[in-house]
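Working notes, structure below.
No lab work stands behind these numbers, since they all come straight from the coordinates. Quick caveat: nothing in here was measured; it's all calculated off a predicted structure. Counting neighbours? That spans all protein chains shown, and the Cβs are built from the backbone with ideal geometry, glycine included.
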Amino acid sequence: MQLAVLMGFLLAASSPLLHRWFGHRTSLVLALFPAGLAAWLLLQAPEIIENGSLLLEWQWVPSLGISLTFLLDGLSLLFGLLITVMGACVLVYAGGYLKDHPDIARFHIALVAFMVSMLGLVLADGLFTLFIFWELTSITSYLLIGFNHADIEARKSARQGLFVTVAGGLALMAGLVLLGIASGSWSLAEILDQEADLREHTLYTPMLICLLLGAFTKSAQFPFHFWLPNAMAAPTPVSAYLHSATMVKAGIYLLARLHPELGGTAMWVGILSVVGATTMLIGAFLAIHHTNIKKLLAYSTIMALGTLTMLLGIGTEYAMTAFVTFLLAHSLYKGALFMVAGILDHETGTKDVTQMGGLRALMPVTAIIALVAALSLAGVPPLFGFIGKELMLESVLGADRFRMLLVLFAFVASILTIAVAFIIALRPFYGKRHHTPLEPHEAPLSMLVGPALLAVGSLLLGLMPALLGANALLTSAATSVSGETMEVTLSLWYGINVALIMSIISLGVGFLLFKRWDNVRAKLSLLAPIRRHGPEAGYESMMNGIVQFSEWQTRLLQNGYMRNYILVMLITLIALIGNSILLRHSPIFAFDLDVRFHEVVVAGTMAMGALFATTTRSRLGAVVSVGVMGFSIALIFILFSAPDLAITQLLVETLTVILLVLVLFRLPRFSNLSTSLERIRDGVVAAMMGILICLLIMTAWSIQQFEPISTYMIENSAPLAYGRNIVNVILVDYRALDTLGEMFVLALAAIGVIAMLKLRHGENSNGKSGESSKVTTKEPYDG
Amino acid sequence: MVKSGTIILNTAARLLMPLQLLFSVFLLLRGHDEPGGGFIAGLVAAGAFTLYLFAFGVSATKEVLRMVDPRDLIGIGLLLGMISVVPAWFMGQPFLTAQWWTIPVIDFKASTPLIFDIGVYFAVLGSVTGMVMTLMEVDKDEP
């Protein structure tokens, strides 16, 4: 299974090739992948529902607790099915939506890669893998929002989405690490199984705050909600998939996943229900400000995400049922509505609902799909959305804390949502026909299949909730979320109760609001100045502040002068090493002074070389004397019988001299640039550095806290690594990973040097003569 | 300016380069047991090319290298390094666990550390030669 999922990345990478083979039908071919995975998940479903969960083990780096193990229980099964089924629909839909787009292959790469990351996220058992997949979804989402990269707004929105979610990702990482430390395990299955109560742990509060920050940014909870409407710059298939059905629910998934272990405390209930309810109300309230159909849907998605968070916060058995039902219902209708929005945009050339009207006759199928999906959004029987909403209201009425507040918020939000649903279902399709930029006609089949399927799903599940094993699936999911065995039986009719009455009233008020929408909007525009000071303004000023700060510190620390860099680095080193060596340990000199005459000679040569290099006015002389120092060091290595080091030192020294000689030609004439005061400062810093390193070496020599690792290396070099040259065995065997890293660093440095030289060279031959650089090449060296 | 060398340098370089390269391969292969290894061998080989560069200039050295750009050598080195990582996976062991095989007839010990070391060799050789060569190339073309 893991292989099948990870193969998706290969599939994504090969998408340009598939385009060459299959042309317009590539989307259909790619859609086979999620469809296949969905079929596989369905085949596992009976076993998961029977046993509770299924663990597919795959160790990756066992010594660090990193595994690729997949945990399949009710919750991940529900999410996995949503991701794969929606994925197949969206891929088919995107094939029609972006049919003649030149970059459709690039789109497919990012979309399929996202799909795989999201699946990995909901299936991962290891905390590390969960985090990696989490970040991958942020990155692919960034690429997809910025898909139209020629558009500056799209780029800005993509960056904003990335910053907000990745900043949250950092908090999440801290939270996951704390979770791992507190529970003593890096596996979700073990964490969920264990007896010890994490709620009592001293790390509970910081852990919960970090995890919530990660979840809230990802799932666009107030006050981090602003990135989601901006993310609507993405092509509509992306909005339908990432920004309503899947990615934005990743945070919700995480909260639901950890609910059995972390939920139920006063802190959890307080934060989640209040933030969730606030998000719900604000999302619904801001939605009716907008006439752009995608923004309308985006804010209504924020409302739904808030609802889900609130339900997790309430945490009663009823709320758990409502949570899974609402989750499924929302994905079905919101996905369909987004795709309808895409059809309208695609066919009419505008996203403004007030510019549309009377399209019913021209696009009958789209109109029906929109009506069904929107009625589900409004919560009108007999659609599935109705069941979800009834359960939601019912759980709010049964909340243990903040009951009045939650009921009020939920009631107002549902009125506003109903108005939004009517706007989307009726406004474009009924009334007077408007002139639109494009001549509208019915969408192609490929764009209708997906939304039609989802709309039919909303209808069928509403009429017959027991159908398709939905009860069993939701029971299993609710059981994973609550941590206790639950029985979910959905039905359309629960009898006349408070929730039903609230529903009926809100339907009526919502419809009135829809009728007077234009007036309401005019009044709401008076609020614009207040909205300008919302969280987004805070984000903007913070980002500006960061840019200003980094400009300031760049001017101060990285101003392009080599001498400045060295000074900053040395002072930092002196401060750090000096702090720990002088203040935290006292320097120790416990060794015998036992030097031979030839050692003194070699050391003296080195000192002479250094002295000459710093005082000479000839560059060539300086290079040579630095070379003398280098060769003396090689000599020391030989004296202390380290032939490998000596050879390396000799070779490096030789090549350094050669490189220096080559560079010398490019430097300007030698001159005194620094004042004598600056030179005294440099001298002091240099002397301090020298003394400090000397102290460090002497201290390190005297302190022997642990058994030196070299003993192990020497003993095992021949029997384990089959090599007698320990230096080489360390490089290629014991510490091969470090060497691999160093190889990459070396390669990067070389490429950097080559690129910089070629770039400057190119500038010069274009007649711009390297003005950007501090070193001019005009003056030939006459040394 | 770096000019092409004198007769003595030219003759010496022509003779020394093959010897140096041979020596570098020798150092590379014996490195696991005696002083040597990929890093040192790579430096020696880079020294060989640098000597040749000083003696005959950039274009002649490029001809000696034929189709191989030093920058490609860096890539080859990194690739070999990564390849040596993989076999352990197939044996069900952690990443980078050394694998040893003995080739029967010539009694040669082949191993992933050796492949890795050859990777280091190429990466070092490519990096140093690439840098020196670019420096000289840029130098030569300037007024």
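With Cα atoms defining each centre, region A:74-102 and region A:164-200 are spaced 30 Å apart in the structure.
When only Cα pairs under 8 Å and 6 or more residues apart are kept, what is the percent relative contact order across region A:1-83? Please report the intermediate quantities before stating the final value.
Details: 54 pairs, mean separation 21.3, N = 83.
Dividing the mean separation by the residue count of region A:1-83 yields 26 percent.
With only Cα atoms counted, region A:711-751 has Rg and Dmax values of 12.5, 39 Å. Taking chain B as a Gaussian network, Cα atoms linked when under 10 Å apart, which of B:G92, B:G126, B:G37 shows the biggest mean-square fluctuation? Sorting by GNM fluctuation, first place goes to B:G92.
Sorted ascending by nearby beta carbons within 10 Å, beginning with the fewest, A:S187, A:S63 become A:S63, A:S187. Distance from the alpha carbon centroid of region A:219-253 to that of region A:304-318 works out to 18 angstrom. Quote the relative contact order of chain A in percent (integer), defining contacts as alpha-carbon pairs under 8 Å separated by 6+ residues. Contact order relative to length: 10 percent.
Give the average over all directions of the projected area of the C-alpha convex hull of region A:263-525, one decimal, in nm².
Its Cα hull, projected and averaged over all orientations, spans 13.5 nm².
Computed from point charges on the beta carbon alone (+1 for Lys and Arg, -1 for Asp and Glu), the dipole magnitude for chain A about its Cα centre is near 3020 Debye. Dipole orientation for region A:1-141: of the candidates A:S63, A:H101, A:L130, A:H101 has the Cα lying most toward the positive pole (charges on Cβ; Lys, Arg +1; Asp, Glu -1). Per q in 0.15, 0.20 Å⁻¹, report the Debye log10 I(q)/I(0) for region B:7-141, using one uniform scatterer on each alpha carbon and no solvent. The Cα Debye sum returns log10 ratios of -0.77, -1.13.
Kirkwood hydrodynamic radius of region A:372-448, from the reciprocal of the average inverse Cα-Cα distance over all distinct pairs: 14.9 Å. Mind jotting down the distance between the C-alpha centroids of region A:667-717 and region A:522-551, whole Å? Each part's Cα centre sits 49 Å from the other's.
List A:C89, A:C694, A:C210 from most exposed to least, where exposure is judged by having the fewest other Cβ atoms within 10 Å.
The most exposed by this proxy come first: A:C694, A:C210, A:C89.
Please report, to two decimal places, log10 I(q)/I(0) for region A:1-150 at q = 0.11, 0.19 Å⁻¹ as given by the Debye formula with identical point scatterers on the Cα atoms and no solvent. Those come out to -0.44, -1.13, one per q. Summing +1 for each Lys or Arg and -1 for each Asp or Glu among the other residues whose beta-carbon sits under 12 angstrom from that of A:I647 gives -3.
Rounded to the nearest 500, the helix-only mean residue ellipticity at 222 nm of chain A stands at -23500 deg cm²/dmol, with each DSSP H run of n ≥ 4 adding -39,500 (n - 2.57). Toward the positive end of the charge dipole of region B:7-141, with +1 on the Cβ of Lys and Arg and -1 on the Cβ of Asp and Glu, the farthest Cα among B:V64, B:L27, B:G77 is that of B:V64.
Rank these for me by crowding, B:V120, A:V663, A:V727, going from fewest to most other beta carbons within 10 Å.
Listing B:V120, A:V663, A:V727 from fewest to most nearby Cβ atoms yields A:V663, A:V727, B:V120.
Relative contact order of region A:263-525, taken over Cα pairs closer than 8 Å and 6 or more residues apart, is 25 percent. Report summary: the helix-based calculation at 222 nm, which adds -39500 (n - 2.57) for every DSSP H run with n ≥ 4 and divides by the residues of chain B, gives -23000 deg cm²/dmol.
Between the listed residues A:L454, A:A472, A:M608, the Cα displaced farthest toward the positive end of the dipole of chain A, a dipole computed from Cβ unit charges relative to the Cα centre, is found at A:L454. Rounded to the nearest 20, the size of the Cβ-charge dipole of region B:7-141 about its Cα centre is 120 debye, with Lys and Arg at +1 and Asp and Glu at -1. For chain A, what log10 I(q)/I(0) values come out of the Debye formula at q = 0.08, 0.09 1/Å, with one point per alpha carbon and no solvent? Each listed q corresponds, in turn, to -0.81, -0.93.
Percent of alpha carbon pairs in region A:632-713 separated by more than 16 Å? Could you put the intermediate results ahead of the total?
On the way: 2533 of 3321 pairs.
Result for the distance tail: 76 percent.
Assuming charge only on the beta carbon of Lys and Arg (+1) and of Asp and Glu (-1), the dipole of region A:43-144 about its Cα centre is about 340 debye to the nearest 20.
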